[in-house]
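Step one of this worksheet: look at the structure below.
The values are calculated or read from the model by the stated rules, or taken from the named source; none is laboratory data. Computed from a prediction, not measured in an experiment: that's the story for all the values here. Note that we place each Cβ from the backbone using ideal geometry, even for glycine, and neighbour counts take in every protein chain shown.
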Amino acid sequence: MPQSVKDEATLLAFCERHELPVRRLGTTLFGRGIHAIDLPGRDLPGRALSGRNAPPPIVITSGSHATEPAGVLAALTLAKELDLDRRVVIVPIRDPLGWEGYANYLSLASGTDVTLEPDTDLGELLSALGTVLYREDDLVISQVGEVAFLARPVAKAGRGPMDIWKHLHDVLDADQGVVRTLQSRRLVLPENLPDVEGCGVYDHAFTAWVTPEGGVGNFNRLFSFHDAPVEVAVIGDLVRELRPELVIDLHESQGSKFSIFAHPELRPGATEVYFGATGAVFAAGHPIERVEDIVPIIGAAHAAKFTDEGGGVFTGLNEFPGQGWQFTHLCAELGAVTVVNETGRWQPLATRVEQQVLAARGAVFAYLNAGAFERGRAYAPGRTAHG
């Protein structure tokens, strides 16, 4: 696995080592670049010479939640291994600052060299480095430079940043004053996953953004906001530019099984692609998730957003008030079939990466061999969505 990729410099070195063409999509805070690996496809030069139009590219993304490392490692693996008669554009690290880790993020924001240990009193450190915006018994939010950092103790058998994210929602729902304080601020949450292989307490960071409506959107949401953070804006611009028919987005969830999440609107070829992804994982002997498996983890109200189509395929709109569109929502508006891989993080890292790669390859194989896409190219609902 390409675990040597820790930051922008090592990502670019990885691409150079494997002769992968790369382009910079944009720049976020502290000059960090967001990069796409652009694989041209074997047959595209021939198509150009013969005057044939190239088919739409495939887009693969990962790392919108930098605390989900299996997706990033799988995207990099796919980048060096895929050899298709089709252009493939891969954005492996959608949140480069989050991928570099909480301590590095805090160091850049504070202008000091910060070292964190699992037992560091983060709340006290944030209080010393910045201006405290909110404090309660176990939650501290402090503005350090351009960024608001959060501290909350690790919960036993918890969900890491998702526990903090949910708690923050409860705080905002209860106190409009806090909403006004945090509006349009970038929030950085610790990973808080010491028992998950490939993660830790501070190894990576989870970045969120408080919308004007008071929602806590992360970088897999916010796609209906015109003033979204650059990490969101460049991905939206990319899919509007490329108009892919297939988008694969690599994520991790709770539990120890595999599933995919998909938009409820089934365009031609979608079913083949969805079950191509989960079928490849199941055929390799990995367990497949059902909605009932996740109810004890995320709660019945959240699980009710999903329809279990069987075979590890969940459809629905996993959106919440004030957070804007998910990435899948934008892609659906542009006419794409989107596969969102969800590997249960309570499995070994190598297993999670294998599931991600298997599902992506299964989805791509099904897409390239599904005649419905050729027949349905004229079907493109919402092709002018936000641009």
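Of the residues making up region 67-76, at least one is crowded, with 22+ Cβ neighbours inside 10 Å and in a loop (DSSP other than H, G, I, E, B).
Give the residues of region 300-310 that are crowded, with 16+ Cβ neighbours inside 10 Å and either farther than 22 Å from HIS286 by Cβ or more than 21 Å from the chain's Cα centre (by Cα) (or both), sorted by residue number. Across region 300-310, the qualifying residues are LYS305, ASP308, GLU309. For first residues located in region 223-238 and closer than 15 Å to LEU25 by Cα, partners that are among the basic types (Lys, Arg) and not in a helix (DSSP H, G or I) and lie 6+ apart or on another chain with Cβ distances below 6 Å form the pairs GLU231/ARG94. It is to be established whether one or more residues within region 252-264 are at pLDDT 95 or above, closer than 18 Å to GLY322 by Cβ and assigned to a strand (DSSP E or B). Taking every residue of region 252-264 in turn, none turns out to be at pLDDT 95 or above, closer than 18 Å to GLY322 by Cβ and assigned to a strand (DSSP E or B).
Here GLY279 passes the criteria (1) under 17 Å from the mean Cα position of the chain (by Cα); (2) surrounded by 20 or more Cβ atoms within 10 Å (Cβ to Cβ) except the one numbered (1).
Inside region 120-179, residues that are more than 21 Å from HIS204 (Cβ to Cβ), of a type in the set (Val, Ile, Thr) and in contact (Cβ under 8 Å) with a residue 40 or more places away in the chain make up a count of 1.
One residue is enough: does region 240-250 have a residue meeting the conditions under 16 Å from the mean Cα position of the chain (by Cα), of a type in the set (Val, Ile, Thr) and at pLDDT 95 or above? Yes: region 240-250 contains one or more residues that are under 16 Å from the mean Cα position of the chain (by Cα), of a type in the set (Val, Ile, Thr) and at pLDDT 95 or above. Among the residues of region 1-47, those identified as outside any helix (DSSP H, G or I), aliphatic (A, V, I, L, M) and either at pLDDT below 95 or farther than 18 Å from ASP237 by Cβ (or both) are MET1, VAL5, LEU20, LEU39. So, in region 350-377, of the ones that are touching a Pro at 6+ places or on another chain (Cβ under 7 Å) and in a helix (DSSP H, G or I), which residue ends up farthest from LEU84 (Cα to Cα)? The selected residue is ARG375.
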